[in-house]
1. Identify all residues within region 105-126 that are of a type in the set (S, T, N, Q) and either over 26 Å from residue 41 (Cα atoms) or open to solvent by less than 40 Å² (accessible area, probe 1.4 Å) (or both); write none if there are none.
2. Among residues belonging to region 79-99 that are farther than 18 Å from residue 144 by Cβ and among the aliphatic types (A, V, I, L, M), point out the one that is most open to solvent (accessible area, probe 1.4 Å).
3. For the structure I just gave you, tell me whether residue 107 is farther than 19 Å from residue 34 by Cα, aliphatic (A, V, I, L, M) and out of contact with any strand residue (DSSP E or B) (no Cβ under 6 Å at 6 or more places or on another chain).
4. For residue 102, state whether it is surrounded by fewer than 12 Cβ atoms within 10 Å (Cβ to Cβ) and either closer than 30 Å to residue 72 by Cα or under 16 Å from the mean Cα position of the chain (by Cα) (or both).
5. Restricting the first residue to region 148-160 and requiring it to be farther than 17 Å from residue 39 by Cβ and open to solvent by 80 Å² or more (accessible area, probe 1.4 Å), which pairs with a second residue that is at pLDDT below 90 and not in a loop (DSSP other than H, G, I, E, B) meet a Cβ separation below 7 Å and a spacing of at least six or different chains?
6. Can you give me the number of residues within region 104-141 that are part of a strand (DSSP E or B) and more than 20 Å from residue 65 (Cα to Cα)?
Amino acid sequence: LRDAGEIGSNSAGIRDALRRSDNDYPAHCGIALQSDYDESARKGKITAKVYSNSEDIYRITLFILEDNIISPQKSGSTIVENYAHNHVVRKMLSSSYKGDRVGELGVGQEQTVEYDFTLPEQWVAENCSICALIIDGTSTVNNVNVCRLVDGSADYNIEK
């Protein structure tokens, strides 16, 4: 989303901002993901392929997310003891939230980047996924994709 500061906190403002983003800033790149994970070693590799429909300079940011983390959660004045937290960012695989340089891609070009990781014992691999953001030369997230960590893959999706 662009101009996130103008969205506000109501659902109508959010819907309007999403429509403006789709109309004013359509996706011009895509990302395909492949996760290869060795359960016995708790080690894995993420292969990300970035494809461009427009000449631009790209960066990539990757996160490991985990679902179903059971922990207390405050809800108003009540504490819910066994709350299931989902989409929790467990680790950033890229060097910063601003992303790692993929490089300049021309129309129809593709670049591959790989990330290795080790999963700590307390994380449940089957509950984890990989989220990848592609950031263009204007420092705007142009596209995103997600795949499961265990034997996961996600093909390109350059549509809205």
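The values are calculated or read from the model by the stated rules, or taken from the named source; none is laboratory data. Everything quoted here is computed from the prediction, not taken from an experiment. For neighbour counting, all protein chains shown are included, and Cβ atoms are generated from backbone atoms with ideal geometry for every residue, glycine included. The accessibility values were calculated without ligands, DNA or RNA, using every heavy atom of the protein model including side chains. Shrake-Rupley method; radii C 1.70, N 1.55, O 1.52, S 1.80 Å.
1. 109, 111
2. Top of the filtered list is 79.
3. Here the answer is yes, as residue 107 does meet what is asked.
4. Spelling it out, it is not the case that residue 102 is surrounded by fewer than 12 Cβ atoms within 10 Å (Cβ to Cβ) and either closer than 30 Å to residue 72 by Cα or under 16 Å from the mean Cα position of the chain (by Cα) (or both).
5. 160/22
6. Total meeting the criteria: 5.
Residue-wise test of (1) closer than 14 Å to residue 51 by Cα; (2) small (Gly, Ala, Ser).
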| position | (1), (2) |
| --- | --- |
| 78 | no, no |
| 83 | no, no |
| 86 | no, no |
| 90 | no, no |
| 93 | no, no |
| 97 | no, no |
| 106 | yes, yes |
| 111 | yes, no |
